[in-house]
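Reading through the structure tokens given below for one structure.
The values are calculated or read from the model by the stated rules, or taken from the named source; none is laboratory data. This structure is a prediction, so every number in the text was calculated from the model and none was measured. Reconstructed Cβ throughout: ideal geometry from the backbone, glycine too, with neighbour counts over all protein chains shown. When the accessible area is computed, the model is the full protein with side chains, heavy atoms only, and any ligands, DNA or RNA have been set aside. Shrake-Rupley method; radii C 1.70, N 1.55, O 1.52, S 1.80 Å.
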Amino acid sequence: NPQFDSASPFSDGLSAVLIGDFRTGKWGFIDKTGSFVINLQFDLADSFSDGLALVRIGDRETGKWGFIDKTGSVVINPQFGFANPFSEGLAAVFIGDYETGKWGFIAR
């Protein structure tokens, strides 16, 4: 029976899943058996890539993006206005406001 309001494709053996609506619901991660391995706690989450998943803490306007590992531990603190998943050891990140902010890259 369906139990999630949204889910990402499996990547690195885990899927990001949402319970609730996109504005107030929470995201966590399940394994292929459907068991939670990272509890519902994020305001938005993306699939794992290069062993890390992009997660947002806070709402769309003021929330910050960071990265977690497969245990759910924060490995790069949520500090970016926006970020892209890691690819080949690098992730594009945005710092600052939308008028004067800048994009750059961080290494894993």
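Can you tell me which residue within the stretch 98-108, out of those that are of a type in the set (A, V, I, L, M, F, W, C) and surrounded by 12 or more Cβ atoms within 10 Å (Cβ to Cβ), is nearest to Ser49 (Cα to Cα)?
It comes out as Ile106.
Within the stretch 23-44, restricting attention to residues that are in a loop (DSSP other than H, G, I, E, B) and in contact with a Lys or Arg (Cβ under 9 Å, 6 or more places away or on another chain), which residue is modelled with the lowest pLDDT?
Arg23
Report the residue count in the stretch 52-62 for those that are at pLDDT below 95 and either open to solvent by less than 40 Å² (accessible area, probe 1.4 Å) or of a type in the set (S, T, N, Q) (or both).
Adding up the residues that qualify gives 1.
Residue by residue, here is whether (1) under 18 Å from Phe48 (Cα atoms); (2) of a type in the set (A, V, I, L, M, F, W, C); (3) without any contact (Cβ under 8 Å) to a residue 40 or more places away in the chain; (4) open to solvent by 80 Å² or more (accessible area, probe 1.4 Å) holds:
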{"site": "Trp65", "(1), (2), (3), (4)": "yes, yes, yes, no"}
{"site": "Ile76", "(1), (2), (3), (4)": "yes, yes, yes, no"}
{"site": "Asn84", "(1), (2), (3), (4)": "yes, no, yes, no"}
{"site": "Ser87", "(1), (2), (3), (4)": "yes, no, yes, no"}
{"site": "Ala91", "(1), (2), (3), (4)": "yes, yes, yes, no"}
{"site": "Gly96", "(1), (2), (3), (4)": "no, no, yes, no"}
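Quick check: is even one residue across the stretch 53-66 touching a Ser or Thr at 6+ places or on another chain (Cβ under 6 Å) and either of a type in the set (Gly, Ala, Ser) or under 20 Å from Phe105 (Cα atoms) (or both)?
No, the stretch 53-66 contains no residue that is touching a Ser or Thr at 6+ places or on another chain (Cβ under 6 Å) and either of a type in the set (Gly, Ala, Ser) or under 20 Å from Phe105 (Cα atoms) (or both).
Give the stretch 74-92 a look and list any residue that's among the polar types (S, T, N, Q), more than 15 Å from Phe42 (Cα to Cα) and not in a loop (DSSP other than H, G, I, E, B), or say none.
Ser87
State whether the residues of the stretch 68-76 include one that is farther than 22 Å from Ile30 by Cβ, out of contact with any Phe, Trp or Tyr (no Cβ under 7 Å at 6 or more places or on another chain) and not acidic (Asp, Glu).
Looking through the stretch 68-76, none of the residues is farther than 22 Å from Ile30 by Cβ, out of contact with any Phe, Trp or Tyr (no Cβ under 7 Å at 6 or more places or on another chain) and not acidic (Asp, Glu).
Conditions tested, residue by residue: (1) in a strand (DSSP E or B); (2) not charged (D, E, K, R).
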residue	(1), (2)
Asp46	yes, no
Glu61	no, no
Gly66	yes, yes
Gly72	no, yes
Phe94	yes, yes
Trp103	yes, yes
Ile106	yes, yes
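Name every residue in the stretch 1-22 that is in a strand (DSSP E or B) and open to solvent by 60 Å² or more (accessible area, probe 1.4 Å), in order of residue number.
Listed by number, the residues that qualify are Ala7, Ile19.
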